[in-house]
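Notes for the one structure printed next.
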Amino acid sequence: MSFGAPMMLPGLQRDEHWYQRGVYYEVLVGSYADSNGDGIGDFQGLISKLDYLQWLGVDVIWVPPFFESPLRDGGYDVADYRKVLPDYGTIDDFRELVTQAHARNMRVLIDIVINHTSDQHEWFQASREDPEGPYGDFYVWSDTDEKYQDYRIIFVDTEESNWTFDPIRRQFFFHRFFSHQPDLNFESPAVQREVFDIVRFWLDLGVDGCRLDAIPYLFESEEGTGESEPETHEFIQRLRAMVDDEYPGRVLLAEANQWPHEVVDYFGTDEEPECHMAFDFPTMPRIFYALRSQLKGELEEILRDQLDIPKGAAWGVFLRNHDELTLEMVDEDYRQTMYGWYAYDPRMRINVGIRRRLAPLLENSLDEIKLANAILLSLKGSPILYYGDEIGMGDNIWLDDRDASRTPMQWSPDRNAGFSTADPGKLKLPVVQSLVYNYGHVNVEAQMAQSGSLLHWMRGMLQLRRQHPVFGMGSLEVVETNHESVLAYVRDYRGQPSKRHSGDRRERILCAFSFADTPTSATISLPLDAGSRLFDLHGGQEFPRIGEDGEVTLTFGAKQFYWLYIADPEFVDTATSAISIIRPDDAS
Ligand code: BGC
């Protein structure tokens, strides 16, 4: 597969805002590309696909755990934090991945799973065997399973309690997730020191940031719920201070599946910062709800209720990832409705969520996939794509757990979808062969060959987004529309004066989306922009002018969207190039 003329390798560009501007791509090493034909994806395979990711327009690759692990939780059960899984390659291969990504001006974000380890970790083995030894207090042990009775259980489908009896130590150990994942005891200064050193180890190796997995659960207390205890925040503040001090420019991303008013605490304050970024969990299910209900209501509400976050902090927004589409951030009625629409077969459900990929969730409707991505790419926050969703890959609900949507990347119609040359029976997870999503036709090669494919459309959107720093850096203001199916917001950004531009270099973009299943017309109120002109960001076509009353009426096809540049009334040049008045390199 060729990606056009040989690409220049730009090298890593300095940009203190890289984590706010970039488009992220989550890629599971074991499922992406297998370089040695053993049926498992590896670092060399991923390295061989970096040109593809550069071509697509990805800025940051997020690589979930690749450490030594029994793989009973997709690698989130770490057995050694400093060793890579031999199936994936060597630590030098990982180093090469970072170097090669940087050469293409792409950053690398990895997972640091610090709440718990695998029960195979030598710390746990030592802890269970020698309670008085140096690792005796590395985990949360108790003579009974009665402590913390009010704490919720997260993996409700598999676990009945957060305590499991260990027959060797003859005590119970505490675990927030699977019973083979004992929680580390953060009360122990030695545990804290180890965690700092693990973070240092990977930052020394050159990674640009760490996703802090399951971050709310570090500390437990009798009075609290074991979620977001004050000590947890104090610990993250100290971790952040270390990163700022020793590794300026690297970032921490919080994974806290909580309500916005709780998650914002993970950004900390200007004086005592915690994470640079945090996932936005509540917005995602509301996008899916709006798509089926044809109502913008709750999505609009959550976008209106934006909380102040410290300067330099950023949300990470997403549609899908390696986990289930979590429905923890919606109420019971809403959840049941969503199960009815999106998980009508019980096999599609897991814990409090749905284990399906984007395209099957949206019944493979190209219009809906585009609409959902257009929202994702224009929200306030850094968009995170999930590998394979750029070609509309399907899932396999007959596989266990969340493996349903972790199947091999579909590169071509060749054996094993071009993912591996191994005997098909040897693959760790089978490629998708379903009628609709069969790799024979849903694959990168086929979509590269069709200019109208989802893949080319995604690439175009990423390019467009890159030309407009407003998407990464600007504010978002929801504006009124007179239609319950039509959501609209304005992204606004004022760039600093630069050598190239003087004066007001403000960029305002109207993003409008119709969730209706049929053509619709809606009036949008833009009082601040009365009399302004509107130009389509894609092609530069002029749209109806905003009236002197600050209103404009737009017509939408079913499930359609617009990204429109708002230009002063005096703006005369309708050439597309004129629409990018603030270029990324001018923005600061
Ligand atoms: C990860 C999951 C994992 C869990 C327990 C989560 O936050 O995203 O994939 O199962 O942590 O480690």
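What's the FRET efficiency of Ser2 with Glu542 using the Cβ-Cβ distance as r and R₀ = 45 Å, to the nearest 0.05? It comes to 0.75.
For Asp130 and Thr269, a Förster radius of 60 Å and the Cβ-Cβ distance give a FRET efficiency of 0.90, rounded to the nearest 0.05. In the chain, the longest principal axis of the Cα atoms and the axis of helix 230-246 are about 70 degrees apart. Separation of the alpha carbons by more than 24 angstrom is noted, of Lys370/Lys428; Lys311/Lys559; Lys311/Lys380, for Lys370/Lys428; Lys311/Lys559. Solvent-accessible area of Ile110, all protein chains in place: 0 Å² (probe radius 1.4 Å, heavy atoms, ligands and nucleic acids excluded). Close amide-amide hydrogen proximity is noted between Val479 and Ala488, Tyr489, Val490, each under 5 Å apart and 5 or more residues distant or on a separate chain (H modeled in the peptide plane; Pro and chain starts excluded). Could you pull out which residues in segment 447-465 have an amide N less than 11 Å from a spot 7 Å beyond the Cα of Leu366, following the Cα-Cβ vector? Hits in segment 447-465 for Leu366 at 11 Å: 450-457.
In whole percent, how big is the carbon plus sulfur part of the accessible area of the chain, probe 1.4 Å, protein atoms only?
Carbon with sulfur: 47 percent of the solvent-accessible area.
Among the GluC sites (Glu not before Pro) in segment 129-201, those located in a DSSP loop and surrounded by at most 14 other Cβ atoms within 10 Å of their own Cβ are Glu132, Glu146, Glu160, Glu187. Computed from backbone phi with θ = phi - 60° and the Karplus coefficients 6.51, -1.76 and 1.60, the 3J(HN,Hα) list for segment 72-84 is 8, 9, x, x, 6, 10, 7, 9, 7, 6, 10, 10, 8 Hz; x is used for glycine and proline. Each residue of segment 329-341 is assigned a 3J(HN,Hα), and the resulting list reads 9, 9, 7, 4, 4, 4, 4, 5, 4, 5, 4, x, 6 Hz, derived from the Karplus form 6.51 cos²θ - 1.76 cosθ + 1.60 (θ = phi - 60°), x at Gly and Pro. Under a 5 Å amide H cut-off, with hydrogens placed 1.01 Å from N, Arg176 pairs with Asp183 among residues at least 5 apart or on other chains.
Can you give me the relative contact order of segment 134-174 as a percent, contacts being Cα pairs under 8 Å and 6 or more apart? List each step's numbers first, then the result.
Working: 37 pairs, mean separation 19.8, N = 41.
With pairs under 8 Å counted, the relative contact order is 48 percent.
Our note on the geometry: Cα centres of segment 260-284 and segment 343-393, 24 Å apart. Built from the Cα atoms of segment 110-192, the convex hull projects on average onto 5.9 nm², one quarter of its surface area. Coupling constants for segment 516-530 follow from the phi torsions by the Karplus curve (6.51 cos²θ - 1.76 cosθ + 1.60, θ = phi - 60°), and in residue order they are 5, 7, 10, x, 8, 10, 9, 9, 10, 9, 9, x, 6, 10, 3 Hz; glycine and proline get x.
Against the main long axis of the alpha-carbon atoms of the chain, helix 454-467 sits at an angle near 80°. Of the trypsin sites (Lys or Arg not before Pro) in segment 150-206, the ones in a loop by DSSP (not H, G, I, E or B) with at most 14 other beta carbons within 10 Å are Arg152, Arg170.
Considering only DSSP beta bridges where both residues belong to segment 1-115, give the percentage that are antiparallel (nearest 5).
Numbers: 2 of 9 bridges.
Of the beta bridges lying entirely in segment 1-115, close to 20 percent run antiparallel.
The H on the amide N of Glu26, modeled in the peptide plane, is under 5 Å from the matching H of Trp62, Leu385, Tyr386, Tyr387, each at least 5 residues off or on a different chain. In this rough spin-label picture, where each label sits 7 Å from Cα along the Cβ direction, the Glu16-Asp400 distance is 4.9 nm. Per residue, the solvent-accessible area of the chain (1.4 Å probe, heavy atoms of protein chains only, all protein chains present) comes to 39 Å². When the Cα positions of Trp457, Ile509, Ile153 are compared along the charge dipole of the chain, Trp457 comes out farthest toward the positive end, with charges on each C-beta of Lys, Arg, Asp and Glu. Here is how the number arises for the chain: DSSP H runs of 4 or more residues each give -39500 (n - 2.57), the sum is divided by the residue count, and the result at 222 nm is -7000 deg cm²/dmol.
The angle between the Cα long axis of helix 283-293 and the longest principal axis of the Cα atoms of the chain comes to about 60 degrees, rounded to the nearest 10. Computed over segment 21-143, relative contact order equals 23 percent, with contacts defined as Cα pairs under 8 Å that lie 6+ residues apart.
With the simple model of a label 7 Å out from the Cα in the direction of the Cβ, Glu160 to Gln467 spans 6.1 nm. With R₀ set to 22 Å, the beta-carbon distance separating Arg494 from Glu551 gives a calculated FRET efficiency near 0.35. Computed on the chain, with alpha-carbon pairs under 8 angstrom and 6+ residues apart, the relative contact order is 12 percent.
DSSP bridge analysis restricted to the chain gives an antiparallel fraction near 65%, rounded to the nearest 5.
Once the cut-off is 44 Å, how many percent of the Cα-Cα pairs in the chain end up in the long-distance tail? Result: 17 percent of Cα pairs exceed 44 Å. Quick check: the distance between the Cα centres of segment 99-178 and segment 402-463, to the nearest angstrom? Between the Cα centres of segment 99-178 and segment 402-463 lies a distance of 35 Å.
The values are calculated or read from the model by the stated rules, or taken from the named source; none is laboratory data. These figures come from a predicted structure and were not determined experimentally. So basically every Cβ, Gly included, is an ideal-geometry build from the backbone, and we count neighbours across all protein chains shown. Note: accessible area is taken over every heavy atom of the protein model, side chains too, but ligands, DNA and RNA are not part of it. Shrake-Rupley method; radii C 1.70, N 1.55, O 1.52, S 1.80 Å.
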